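Here the structure comes first, spelled out in structure tokens, and everything after it is commentary.
The values are calculated or read from the model by the stated rules, or taken from the named source; none is laboratory data. Note that this is a predicted model, so its numbers are computed, not measured. Positions of Cβ are backbone-derived with ideal geometry, glycine not excepted, and every protein chain shown enters the neighbour counts.
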Amino acid sequence: MVENNIKQEKEKAEDEMIQEAFQDLLNNYLASKHRKRIEIITKAFNFANEAHRGVKRRSGEPYIMHPIAVARIVCAEIGLGSTSICSALLHDVVEDTDYTIEDIENIFGPKIAQIVNGLTKISGGIFGDKASAQTENFKKLLLTMSDDIRVILIKMADRLHNMRTLGSMLPNKQYKIAGETLFIYAPLANRLGLNKIKTELENLSFKYEHPEEYKEIEKKLAVTAAQREKVFTEFTAPIREQLDKMNLKYRILARVKSIYSIWEKMQTKHLPFEEIYDILAVRIIFEPSNPEEELNDCFDIYVSISKIYRPHPDRLRDWVNHPKANGYQALHVTLMGNNGQWIEVQIRSERMNDVAEQGFAAHWKYKEGGGSEDEGELDKWLHTIKEILDDPQPDAIDFLDTIKLNLFASEIFVFTPKGEIRTLPQNATALDFAFSLHTDIGSHCIGAKVNHRLVPLSHKLQSGDQVEILTSKSQRVQPEWISYATTARARTKIAFILRKEQKTSQRKGEKMIAEFMAKEEIPVSDQIVDKLVKARDLKNRDELSLAVGSKRIVLGEQDRHVLHGKQNSNWKKFIPTRLPFTGSKDNKENKENKEPVKEKAPQEKVDTKAILKLTEENISKDYIMAECCHPIPGDDVLGYIDETGHIIIHKRQCPVATRLKSSYGNRIIATEWSTHKQLSFLVAIYIRGIDAIGLLNEVTQVISQQLNVNIRKLSINADSGIFEGNIQLYVHDVDDVKTICNNLKQIRNIKEVTRVEG
């Protein structure tokens, strides 16, 4: 009886919590500009609530709280209407219950059913066992974008809520999900213009991957907040006076750089927190006098504030006349404050601000019947993605890398010889431009003229360049072109053409091998061909056929000896380049059972739920330290089980580890160090400063005598009064590195000390 009462009280409390959350969603919807369709939203909520009744999330809360939270993000943070809110409430119903898409269509109509179907195709939540084949899911996700952009926007809301509640997951799942979010979803949010969501996804990923660094930067931001507020108030006071004189309706906001962006800059620029000077930016958001004057008002404000503070001549960014591909518009100017510090000012209208915060959702206007306005830039991007998806990549990570080339890109604007403007990613080359015009032009190009000057295909283009492509019918795509290309389109086309030519060479090689054996009167069989494969030190018969067909191997006397069982000591082996293992390709979802096909089990069984402890006894014997990032005790690390069952230890922020987390997350193991300064690890430290007599002696004194550290290698260079050095030395852990860096910074002429890879 007592147990029943407790159970009833608990159910009552949960029902009240659910109703309160739903009412909060309705309040947000009623406060929006959308036409009020309360009835259908309530109907979707009641349907989903009943479908998920009794199901709990890992955190212990009722499952329906997740769809409500996703719907709230869709409404309040992305700005979508009733169709999207209903779809968000229903997004897990077909995946997790016995209801079908037909049921959804019968009850809620074809449009909501289409969106829910798109979300269902992007299989499963990241909290289930069905979340391993993320690359396949990502392909499906991109394919659904062209059907209805709201699918991807709701998926973004789904991922954001899952990241906000990631604390209830096991550590190895946290690393996998955080890495995947940083690798795929944050750049995709950025590409769709969802700036606030992109920033939060980055911060949350960083928080779970590097909790100590996150807390440290958070603490330093809190300590310096008062000083930033003082700078902001003093800097904006004369600007407010000027804008008041212009009779503008405006607001001025302080924009503080995100924790992840600060950390990223600290890593790439090798700077401490105290030397990051662009933490504060100022945002001016105004209502234009009338819509036609919006662009003019931006420049009027720029001219006015440039009379108050000196603008940086090279840092004017005109995204007003040339919007970014994700629709972003603003005028960015960097001004010198009275404190001698450069401060970026972003000038944008309220409409531009909506687009900046909500991306395509702010100007992709839907009629409730399902019609949509034409959005040229998004259409172009979707077309590019379709082209990439039409050409299946042989490897999952290759596919993600290809997509990411376009996701991360900032834009440049270049011109054809006739003056037509073309948008390309930053760092795009002449070869990228050629392929952007047409595949035939790209595949036959021999060079380019940039601003009437002849340049190679690898030449990086700048905004404003005028580019003419030179072609020749005899030109063919070369393997090294892959390294010249930076855009997804160019790399995909080059890879496709090379693979096609490779298959042609392979067939030609098979024919040549058969003809060679016929001359030797030896019947062709797999066993006989395998003899040649082994003798040439190749991996398989396909490699042999390719090498023979492309004339890298010419079959001759030595091969006759092998075929007839004779030995020859002067054998010269052909050694091909072999690609490293990139993971199992059979990790695809079983559509009927909605369960993933199991990967081939590694030779060594590892309990991926446990946290791996690295000790002096097991490091050298059982685990491999990754050469790409050289982890040492104290670094945030993880383990990756490779195809042979070996466990490789990577730093969590290592680019290779990031790729592995996003595609092979089920092989990731949460890992911690438990060493006690017994083993030594090799690290590299970079130093830079003003050259002075005796400086090198001071450096070696600090390292060898004061700290008693063994130097393995020392490389020093001085040029034009600047001193640079790379030092390889043996340490026990990260604390040793910090001590060394801090002590070296005390030397008067040393200005920069940082740990580097390798």
> Of Asn726, Asn710, Asn697, Asn749, which residue is closer than 30 Å to Ile648 by Cβ and more than 36 Å from the chain's Cα centre (by Cα)?
Replying inline: Asn710
>> Being within 14 Å of the chain's Cα centre (by Cα) and among the charged types (D, E, K, R) is the filter here; which residues of region 201-217 pass it?
In response: Glu202
>> Under 6 Å between Cβ atoms, which residue pairs at least 6 apart in sequence (or on different chains) link something in region 34-53 that is over 17 Å from Ile18 (Cα atoms) with a partner that is of a type outside the set (Asp, Glu) and part of a loop (DSSP other than H, G, I, E, B)?
In response: His34/Gly81
> Of all residues in region 269-283, which are assigned to a loop (DSSP other than H, G, I, E, B) and either at pLDDT below 90 or over 23 Å from Leu253 (Cα atoms) (or both)?
Replying inline: His270, Leu271, Pro272, Ile276, Tyr277, Asp278
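Results for (1) of a type in the set (A, V, I, L, M); (2) out of contact with any Pro (no Cβ under 6 Å at 6 or more places or on another chain); (3) modelled with pLDDT under 85; (4) in the same structural domain as Thr423 (by TED's automatic domain parsing), shown as yes or no for each residue.
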residue: Arg476; (1), (2), (3), (4): no, yes, yes, yes
residue: Arg489; (1), (2), (3), (4): no, yes, yes, yes
residue: Ala514; (1), (2), (3), (4): yes, yes, yes, no
residue: Glu520; (1), (2), (3), (4): no, yes, yes, no
residue: Leu555; (1), (2), (3), (4): yes, yes, yes, no
residue: His561; (1), (2), (3), (4): no, yes, yes, no
residue: His564; (1), (2), (3), (4): no, yes, yes, no
residue: Asn568; (1), (2), (3), (4): no, yes, yes, no
> Picking from Phe581, Phe574, which residue would you name as being surrounded by 15 or more Cβ atoms within 10 Å (Cβ to Cβ), outside the structural domain of Cys628 (by TED's automatic domain parsing) and either under 25 Å from Gln502 (Cβ atoms) or at pLDDT 75 or above (or both)?
Replying inline: Phe574
> Of the residues Ser474, Ser463, Ser458, which single one is among the polar types (S, T, N, Q) and within 30 Å of Val554 (Cα to Cα)?
Replying inline: Ser474
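Just for region 682-715: of the residues that are polar (S, T, N, Q) and modelled with pLDDT under 85, which one is surrounded by the fewest Cβ atoms within 10 Å (Cβ to Cβ)?
Asn708
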>> Of everything in region 54-102, what is of a type in the set (Asp, Glu) and free of Cβ contacts under 8 Å to residues at least 60 places away in the same chain? Give them in sequence order.
In response: Glu61, Asp92, Asp96, Asp98, Glu102
> How many residues are within 26 Å of Gln227 (Cα to Cα), part of a strand (DSSP E or B) and touching an Asp or Glu at 6+ places or on another chain (Cβ under 9 Å) when one looks only at region 284-315?
Replying inline: 1
>> Being in contact with a Leu (Cβ under 9 Å, 6 or more places away or on another chain), in the same structural domain as Val303 (by TED's automatic domain parsing) and either aliphatic (A, V, I, L, M) or within 30 Å of Thr671 (Cα to Cα) (or both) narrows it down to one residue among Tyr208, Tyr260, Tyr250; which is it?
In response: Tyr260
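Within region 316-326, take every residue that is in a loop (DSSP other than H, G, I, E, B) and not polar (S, T, N, Q) and give me the one that is farthest from Arg191 (Cα to Cα).
Result: Leu316.
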> Would region 462-478 turn up any residue that is within 27 Å of the chain's Cα centre (by Cα) and either of a type outside the set (S, T, N, Q) or in a strand (DSSP E or B) (or both)?
Replying inline: no
>> Out of the residues in region 436-450 meeting the condition of being free of Cβ contacts under 8 Å to residues at least 40 places away in the same chain and more than 13 Å from Thr416 (Cβ to Cβ), tell me which one is surrounded by the most Cβ atoms within 10 Å (Cβ to Cβ).
In response: Cys445
>> Please return the ranges of helices (runs of 4 or more DSSP H) entirely within region 77-196 where 1 or more residues are modelled with pLDDT of 85 or more and either of a type outside the set (Gly, Ala, Ser) or touching a Gly at 6+ places or on another chain (Cβ under 6 Å) (or both).
In response: 82-89, 93-96, 101-108, 110-121, 149-164, 171-180
> Where in region 646-750 are there strands (runs of 3 or more DSSP E), lying fully within it, with 1 or more residues that are over 30 Å from Ala178 (Cβ atoms)?
Replying inline: 681-690, 711-719, 722-731
> Got a sec? Which of Ile722, Ile750 is outside the structural domain of Cys628 (by TED's automatic domain parsing), touching a strand residue (DSSP E or B) at 6+ places or on another chain (Cβ under 6 Å) and of a type in the set (Val, Ile, Thr)?
Replying inline: Ile750
